[in-house]
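Read the figures in this text as sums done on the coordinates, not as results from a lab. In this text the structure is predicted, and so the values were computed from the model without any measurement. We place every Cβ from the backbone using ideal geometry, glycine too, and count neighbours over all the protein chains shown.
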Amino acid sequence: MSQKSLGLHKLLFADEGGRVFEHPELLALVRAGDSGALPADRPEPLPPFGQLASLPGRRPLGLDPGTGQIVELREMKLGCKSVRVTAVAAVLPPGWTRTALPAYRKSAIAPILPQWAYTAAAWDEGLQGHVAWAMHTDARKHWDPATHSTKELSRLVADRLAREPQNHLLKQIARCALEWRCFTAQNTFYGRDEGAIPASVGCNARCVGCISEQPEDGPPSSHERMSDAPEAELMAALGIPHLLNASGRTMMSFGQGCEGEPLTRATVIAEAIRKMRAATGRGSININTNGSLPENLSLLIDAGLDACRISLNSAHAPLYEAYYQPVKYGFADVEESVHLAKRRGLYTALNLLTFPGITDSEIEVDKLCALVAAAGVDQVQVRSLAIDPEQYLPIAQRHGAGGRPLGMRELFRRLQAARKGLVIGNFARGLNERG
């Protein structure tokens with residue numbers, strides 16, 4: 001598809017202070033392999049609460065419309081002086097999924113980028129505004145950023161902590177709500193929708209892009225894990241009032257971004273679930289998990305679990321295991337958990353960590369469609385993988401299933417063709433939303 005048919009999109013760059021400008025001549029490119037190409041898909045206006053970010057140590061690639069050549073932009077004259085420039089990407093709000101990566105060339109001394117899902121962005125001459133290559137994949141309003149991190153949140157947190165000053169689990173959730181702005185943690189204090197119960201301090205995977213624990217030479221972790229794993233009584237005491245009183249899509253979820261793998265504490269979590277269900281049958285009890293221990297998932301189902309979300313980056317075992325680096329389990333165990341959950345009546349979702357050019361490659365898509373169809377998965381919750389592309393691409397290129405990239409829109413179309421009634425979105429479904 002020509003640039004003309006997609007609209008005129010100018011290359012973005014940032015100066016040394018992080019200020020973003022559009023280039024007067026060069027056209028925006030998206031990443032294609034190790035270089036750039038004109039986008040084959042249309043962008044969307046940068047959504048409300050979306051942000052632009054400069055990418056240090058990365059020089060933007062643009063297209064010279066006069067020569068048709070790809071240009072590596074190293075510096076620009078701004079006013080009366082020339083400045084070194086860096087590439088720019090968009091960071092999307094909840095409910096949006098990126099469809100393309102920014103095109104740039106990395107310098108030899110470039111730092112590892114913080115853990116965000118970097119999305120190709122540009123300036124649209126017609127709209128006179130910024131655009132991003134993304135899809136609005138979940139338009140439901142209950143995760144609207146405007147309804148989170150509100151002025152009264154600090155007071156709600158302080159009031160709750162004052163009532164339970166010794167509750168170390170609640171203190172962790174307060175940090176998640178205020179410092180890391182986790183919407184699920186915030187809901188615990190707002191008393192609505194899906195609330196959070198962190199349950200584990202340890203993990204049986206060593207994910208390359210783990211957001212709660214990174215090696216010394218990795219990027220800063222997005223969250224910090226709690227130091228003490230909570231006991232069943234404490235978790236139940238948090239879950240019961242939420243299930244009894246929360247408005248909206250009432251749900252409590254084990255397995256948050258600030259913790260390890262909850263299935264490693266299945267016996268204690270099962271006891272907490274039984275206590276919650278003894279107190280009320282209202283709402284949903286969900287677990288977000290890597291699906292590593294099917295027998296432990298079965299224990300939770302016995303206790304009253306009714307929904308699960310199993311994370312994966314690929315249905316191709318070599319790529320899955322290269323990214324998750326599992327300890328004493330393998331992709332076959334994850335597959336078994338997906339089948340087990342659906343077989344035993346759970347609302348079963350996949351938490352699909354997407355990366356354009358890899359997740360949408362043809363053989364990867366075929367394998368994912370086969371898993372969704374064979375297990376009868378109810379929902380695919382898409383998450384743009386939050387990682388420096390230079391951390392993930394070498395792994396994916398070495399271990400991925402391969403095939404030509406189909407595009408993210410085609411990935412979603414084929415998934416829905418593979419499983420009639422499959423829901424594609426970004427957020428968990430409440431009891432009244434499950435077909």
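Need one number for region 260-336: average projected area of the convex hull over its C-alpha atoms, nm². Write out the running numbers ahead of the final one.
On the way: hull surface 20.5 nm².
Quarter of the Cα hull surface area: 5.1 nm².
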Practice problem: Would you look at the GNM of the chain, springs on alpha carbons closer than 10 Å, and say which of Gly129, Gly50, Gly79 moves the most? | Solution: Gly79
Self-check item: 0 to 90° range, to nearest 10: angle between helix 362-375 axis and the chain longest Cα axis
Solution: 20
Quiz item: If you line up the long axis of helix 389-399 against the longest principal axis of the chain, both from Cα atoms, how many degrees apart are they, to the nearest 10?
Solution: 80
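Evaluate 2.2 N^0.38 Å with N set to the residue count of region 3-136, then give the Cα radius of gyration divided by it.
Working: Rg = 13.7 Å, N = 134, 2.2 N^0.38 = 14.1 Å.
This ratio for region 3-136 stands at 0.97.
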Quiz item: Using a basic spin-label model with each label point 7 Å from the Cα along Cα→Cβ, how many nm lie between Leu406 and Lys171?
Solution: 5.0
Quiz prompt | Relative contact order [Cα under 8 Å, 6+ residues apart], region 3-136, whole percent | solution = 31
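Loop only by DSSP, 16 or fewer other Cβ within 10 Å of the Cβ. Give me the GluC sites (Glu not before Pro) in region 55-154 that pass, ordered by residue number. Present the calculation step by step, with values, prior to reporting the outcome.
Numbers: sites: Glu72, Glu75, Glu125, Glu152; in loops: Glu125, Glu152.
Taking region 55-154 and a limit of 16 other Cβ atoms within 10 Å, the loop GluC sites (Glu not before Pro) found are Glu125, Glu152.
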Self-check item: Angle in degrees between helix 168-178 and the longest Cα principal axis of the chain, rounded to the nearest 10
Solution: 30
Practice problem: List every residue whose amide H lies under 5 Å from the amide H of Gly291, counting only residues 5 or more places away in sequence or on a different chain, with H placed 1.01 Å from N in the peptide plane. | Solution: Ser311
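What translational diffusion coefficient, to the nearest whole µm²/s, does region 141-433 have by Stokes-Einstein, given a Kirkwood radius computed over alpha-carbon pairs, a temperature of 37 °C and 0.692 mPa s viscosity?
On the way: Rh = 19.4 Å.
Answer from the Stokes-Einstein relation: 169 µm²/s.
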